[in-house]
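I have placed the structure first, in the form of structure tokens, so that the comments after it can refer back to it.
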Amino acid sequence: MTRFVVGMIAAAIVAVGAGPATAQTKTVKSEMRTESGTIEAIEAASRSVTIKKADGTYVTVIAGPDIARFSELKVGDKVNAKFYENVVLRMKAPGEPDVDTATKGTTGSDLMLPGGTRAKQRTITATITAIDMNTPTITFTGPNGWKYTSKVEDKAALGKVKVGDRLDIVWTEATVVSIEAGK
């Protein structure tokens, strides 16, 4: 997980723990951003596409084997991409089993030009392993030795969770890409 997302998670943990027993789930602020650019170069052997973004910078992306209509891309085509990210936290009941799952998929477009959606979702159980009220910080661990410590702004809310509390973190990312024919 990116440092930004994990920081949001640490801040939101206290909000989930601070609510009443019936409000055990919290959605961390979702983010949607859009970028567009023009295809400047295509390398078929490596399946790489170089895109010039609106700000004049270049980015090269690799189209994996699951991108079925790669051969239809042309230099000069306009690429529009929407990136979505969402994190949901849920406090776990005592004795509830841990979770560590990941799913992903790609769906192609039925439109005239290539495009489609790629999504992935990861769910893990994390345990609060330390709370420092002086700093104030919270530390939690998850599967495969994953450990993260973050500063928490709301000291009062931090006091409403305790070491040993467990939560599920569901992190979803999706990218929707559409192509417009170049001029």
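The values are calculated or read from the model by the stated rules, or taken from the named source; none is laboratory data. Being a predicted model, the structure only gives us computed values, none of them experimental. FYI the Cβ positions are ideal-geometry reconstructions off the backbone, even for glycines, and counts take in every protein chain you see.
Scanning the range 113-155 for residues that are of a type in the set (Val, Ile, Thr) and closer than 17 Å to Met91 by Cα yields Thr123, Ile124, Thr125, Thr127, Ile128, Thr129, Ile131, Ile138, Thr139, Thr141.
Within the range 139-182, the only residue that satisfies the criterion of being in contact with a strand residue (DSSP E or B) (Cβ under 9 Å, 6 or more places away or on another chain), over 12 Å from Ile128 (Cα atoms) and among the basic types (Lys, Arg) is Lys151. Looking at Lys183, Lys151, Lys160, just one residue is at pLDDT below 85, of a type in the set (Lys, Arg) and under 30 Å from Ile62 (Cβ atoms), and that residue is Lys183. Filtering the range 14-43 down to residues that are modelled with pLDDT of 85 or more and exposed (fewer than 11 other Cβ atoms within 10 Å of the Cβ), which residue is nearest to Val75 (Cα to Cα)? That would be Thr34.
Which residues, counting only those in the range 105-144, are more than 18 Å from Trp171 (Cα to Cα) and either among the hydroxyl-bearing types (Ser, Thr, Tyr) or free of Cβ contacts under 8 Å to residues at least 24 places away in the same chain (or both)? Within the range 105-144, Thr107, Ser109, Asp110, Met112, Thr129, Asp132, Asn134, Thr135, Pro136, Thr137, Thr139 qualify. Restricting attention to the range 51-62, the residues being under 24 Å from Leu111 (Cα atoms) and either touching a residue at least 60 places away in the same chain (Cβ under 8 Å) or of a type in the set (A, V, I, L, M) (or both) number 3.
Got at least one residue in the range 63-71 being in a strand (DSSP E or B) and either without any contact (Cβ under 8 Å) to a residue 40 or more places away in the chain or over 22 Å from the mean Cα position of the chain (by Cα) (or both)? No - not one qualifying residue is present in the range 63-71. Just one of (1) of a type outside the set (Gly, Ala, Ser); (2) surrounded by fewer than 12 Cβ atoms within 10 Å (Cβ to Cβ); (3) under 23 Å from Asn86 (Cα atoms); (4) more than 23 Å from the chain's Cα centre (by Cα) fails for Leu158. It is (2).
Every residue, every condition in (1) over 30 Å from Thr38 (Cβ atoms); (2) aromatic (Phe, Trp, Tyr); (3) touching a Ser or Thr at 6+ places or on another chain (Cβ under 6 Å), yes or no:
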| residue | (1), (2), (3) |
| --- | --- |
| Ser71 | no, no, no |
| Pro97 | yes, no, no |
| Thr106 | no, no, no |
| Pro114 | no, no, no |
| Thr149 | yes, no, yes |
| Ala156 | yes, no, no |
| Asp168 | yes, no, yes |
| Val176 | no, no, yes |
| Glu180 | no, no, no |
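If the condition is being under 17 Å from Pro143 (Cβ atoms) and either surrounded by 16 or more Cβ atoms within 10 Å (Cβ to Cβ) or among the hydroxyl-bearing types (Ser, Thr, Tyr) (or both), then the range 100-112 contributes Thr101, Thr103.
Checked against (1) among the hydrophobic types (A, V, I, L, M, F, W, C); (2) under 30 Å from Lys74 (Cα atoms); (3) touching a helix residue (DSSP H, G or I) at 6+ places or on another chain (Cβ under 8 Å), Val161 meets all criteria but (2).
Restricting attention to strands (runs of 3 or more DSSP E) lying wholly within the range 122-183, give those where 1 or more residues are within 30 Å of Asp110 (Cβ to Cβ).
Output list reads 166-180.
Restricting attention to the range 78-99 and to residues that are among the small types (Gly, Ala, Ser) and closer than 28 Å to Lys162 by Cα, the residue that is surrounded by the fewest Cβ atoms within 10 Å (Cβ to Cβ) turns out to be Gly95.
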